[in-house]
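Asker: Take this structure first; my questions come after.
Read the figures in this text as sums done on the coordinates, not as results from a lab. None of the values given here were measured: they were computed from a predicted structure. Neighbour counts are summed over all protein chains in view; Cβ atoms, including those assigned to glycine, are modelled from backbone coordinates with ideal geometry.
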Amino acid sequence: MLMVDSILIFITSFLTIYYFYRVRRNPRNLPPGPWGWPILGYLPHLGSKPHLTFVEMVKTYGSIFRVPMGSQEVVVLNGYKVIKEALADKGAKFAGRPTWKSTSVFSDGGTKGTIFSNGSVWTENRRFEVTALKRFGMGKRSIEEPIIEEVQHFLDALEVERGRPVDTSATIECALTNIIAQMTLGQRFEYGDEELKRILEMTHEDAELVGPNAAISFLPLLWYIPWFRNKSCKLQHNCAELVHFITKYIDKHIETFDPDNIRDVIDAGILKMIKEEKNGRPEAFGKKSLAYVISELFGAGFESTSTALKWCVLYMVKHPEVQTRVQKEIDSVVGRGCHVSYDDANQMPYTEATIMEVLRVANMAPLGLPHATTADVELNGYTIPEGTCIFANVWSVHMDPNIWQCPDKFNPLRFIGEDGKLMKSKAFMPYSLGRRRCVGEQLARHELFAFFASLLQRFSLRLPEGHPDPPTDGVPGLSIAPFPFQVIISDRRDDKAA
Ligand code: HEM
């Protein structure tokens with residue numbers, strides 16, 4: 001009996017302390033939100049698709065609310081108006097990233113790269129990446145040729161598989177890795193190359209490791225459980241291996257470096273290293289900084305675009321009528337004999353609209369990447385303190401029935417205006433918005449257009465007889481990818497009508 005009393009006293013004291021801790025810790029005027037459990041917070045209620053749980057919570061708390069997630073208070077933003085006001089209009093105050101143990105592995109403790117850094121490290125690295133990608137990729141002729149060349153390798157690799165059920169994922173990944181490899185390292189890999197295989201293997205491993213690793217950010221005690229610690233160490237090991245792999249390429253580039261012939265992003269980085277050294281700031285951008293920048297461009301650059309192209313394939317086999325209409329547009333604008341060029345995109349609104357609709361409805365990154373406030377900030381009448389972790393629920397915008405008619409329906413025509421031209425929508429935000437907006441957006445759009453249009457120019461895709469319709473909810477990882485599925489590829493050059 002005494003034992004039961006002691007336990008009850010302990011629990012009551014614990015809950016009372018927890019209550020006062022939370023009330024005292026939280027300044028007034030915070031967004032509303034649920035309480036959650038001590039230690040765990042609201043985590044046990046979020047389910048496997050937190051973005052959907054958040055949409056439900058809007059009904060109770062409104063479009064901005066606070067969710068205790070383990071040791072962290074997270075503020076979730078929902079709906080176009082609020083997300084735009086935060087990330088675009090008040091962008092400077094929402095441009096931070098949380099400094100978590102789980103993300104510091106990608107950024108050497110927040111001191112390297114762009115994606116998970118803050119302050120001047122972020123500004124400088126982002127500026128470098130934007131300039132380098134412009135120079136070697138976005139909107140420039142320089143990437144057009146490597147893309148056309150890689151598209152041919154991609155189509156040839158698929159040609160061999162035609163007529164039998166095939167999962168196109170691996171070929172898509174190899175092809176899109178080669179685009180970023182050409183831009184950054186200045187070389188492509190054969191699809192069976194051992195180094196390329198290892199990079200892709202690590203990316204698949206990382207996709208499984210990010211979940212447990214993120215959990216440690218919210219529940220630091222998990223670090224002491226060997227299963228979680230091993231996952232975290234494995235992720236750390238993979239990041240170190242990628243940085244080591246890139247460093248080998250940097251060393252090779254240094255040996256043959258010529259400031260009058262900047263060949264790729266690594267060379268541009270070496271030039272910056274030399275300049276910083278001359279300016280007496282060698283610590284601002286050294287070899288290690290460059291290795292992290294290239295590693296993240298590499299990872300962010302191929303994982304997201306290949307996932308997007310896999311979704312394009314999936315939606316085309318699910319919607320053969322859309323596929324046929326895209327093919328008709330390709331035939332009438334480019335024909336079947338010429339290479340598809342990004343310049344053709346202007347005259348191919350339906351193809352562009354189809355890619356946009358895939359990105360809208362697939363919602364590959366429904367919560368984007370976490371942001372953090374860089375100062376106390378007012379939003380919709382609430383005060384959000386400096387250093388608060390922010391999730392922008394892009395899913396709530398892309399699937400808002402007040403913006404998109406029947407948002408669940410796959411319908412590329414929603415992006416076509418009455419004049420038949422491509423109609424952009426501010427509520428279309430797969431690349432996010434504001435100061436943290438995706439650095440590689442232009443490159444990604446270029447790649448997706450070239451690979452998608454070339455694929456459907458040459459082939460038709462359908463589900464193998466008797467195979468179930470592939471599901472449209474995907475596998476969470478680095479971004480949400482489709483579950484594995486197979487298609488039958490047929491060469492359109494064999495069509496009688498061709
Ligand atoms: C379909 C393809 C892609 C999608 C959907 C996509 C989406 C995104 C999203 C949602 C973010 C987070 C923005 C935020 O925090 O608000 C992001 C950030 C970023 N993306 Fe992409 N991305 C794609 C392709 C690329 C490519 C090809 C590259 C580089 C070659 C790239 C490099 C980056 C970088 C460096 C950041 C971090 C920006 C920062 O923190 O300042 N992405 N991307």
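Asker: To the nearest 10 degrees, how steeply does helix 287-318 sit against the main Cα axis of the chain, on a 0 to 90 scale?
Answerer: Helix 287-318 sits roughly 70 degrees off the main axis of the chain.
Asker: Right, another one. Share of Cα-Cα pairs in the stretch 117-276 beyond 28 Å, in percent?
Answerer: Numbers: 4758 of 12720 pairs.
Percentage above 28 Å: 37.
Asker: On to the next question. Once both labels are modelled 7 Å past Cα along the beta-carbon direction, what's the residue 28-residue 237 spacing in nm?
Answerer: It is 5.4 nm.
Asker: Can you give the extra length, in nm with one decimal, that the chain gains between residue 224 and residue 325 once fully stretched, where that is 0.36 nm per residue apart less the Cα-Cα distance? Before the final figure, lay out each step's value.
Answerer: Details: separation 101, 0.36 × 101 = 36.36 nm, distance 5.52 nm.
Gain on extension, residue 224 to residue 325, equals 30.8 nm.
Asker: Determine the calculated [θ] at 222 nm for the chain from helices alone, applying -39500 (n - 2.57) to every DSSP H run no shorter than 4 residues and normalising by the residue count; nearest 500 deg cm²/dmol.
Answerer: On the way: 15 runs with 249 residues, N = 498.
After summing the helix terms and dividing by residue count, I get -16500 deg cm²/dmol.
Asker: A follow-up question, please. Determine which aspartates and glutamates satisfy two conditions relative to residue 275: a Cα distance under 19 Å, and not lying fewer than 8 residues away in the same chain.
Answerer: Partners within reach: 124, 129, 251, 255, 258, 260, 264, 267, 283.
Asker: May I pose another question? Any of 90/318; 59/231; 197/288 with alpha carbons more than 31 Å apart? Name them for me. Mind showing how you got there, number by number?
Answerer: Numbers: 90/318 40 Å; 59/231 36 Å; 197/288 24 Å.
The answer is 90/318; 59/231.
Asker: Using 0.36 nm per residue, how much length does the chain from residue 260 to residue 201 gain when fully extended, once their Cα-Cα distance is taken away?
Answerer: Numbers: separation 59, 0.36 × 59 = 21.24 nm, distance 3.67 nm.
Stretched fully, the residue 260-residue 201 segment lengthens by 17.6 nm.
Asker: Using 16 Å as the cut-off for backbone N distance, which residues of the stretch 333-369 belong to the label zone defined by a point 7 Å from the Cα of residue 419 along Cα→Cβ?
Answerer: Of the residues in the stretch 333-369, 346-350 have backbone N under 16 Å from the label point off residue 419.
Asker: With +1 assigned to the C-beta of every Lys and Arg and -1 to the C-beta of every Asp and Glu, and no other charges, what is the dipole magnitude of the stretch 352-498 about the Cα centre in debye, to the nearest 20? Kindly include the intermediate steps, with their values, before the conclusion.
Answerer: Working: 15 positive and 17 negative charges, 80 e Å.
For this selection, approximately 380 debye.
Asker: Can you tell me the dipole magnitude for the chain around its Cα centre, using point charges on the Cβ only (Lys, Arg +1; Asp, Glu -1), in Debye to the nearest 20? Please list the in-between numbers first.
Answerer: On the way: 57 positive and 59 negative charges, 330 e Å.
Value, rounded to 20: 1580 debye.
Asker: If I take R0 = 51 Å and measure r between the Cβ atoms of residue 58 and residue 490 in this structure, what FRET efficiency does the formula 1/(1 + (r/R0)^6) give, to the nearest 0.05? Don't skip to the end; give the middle numbers.
Answerer: Values: r = 45 Å, r/R0 = 0.89.
Efficiency, rounded to the nearest 0.05: 0.65.
Asker: Mark the label point 7 Å from the Cα of residue 134 along Cα→Cβ and return the residues of the stretch 105-126 whose backbone N is within less than 16 Å of it.
Answerer: Correct set: 123-126.
Asker: Let me see the P(r) profile for the chain: every Cα-Cα distance counted, bins of 20 Å, each bin given as a percent of all pairs.
Answerer: Calculated P(r), rounded to whole percents: 21, 53, 23, 3, 0.
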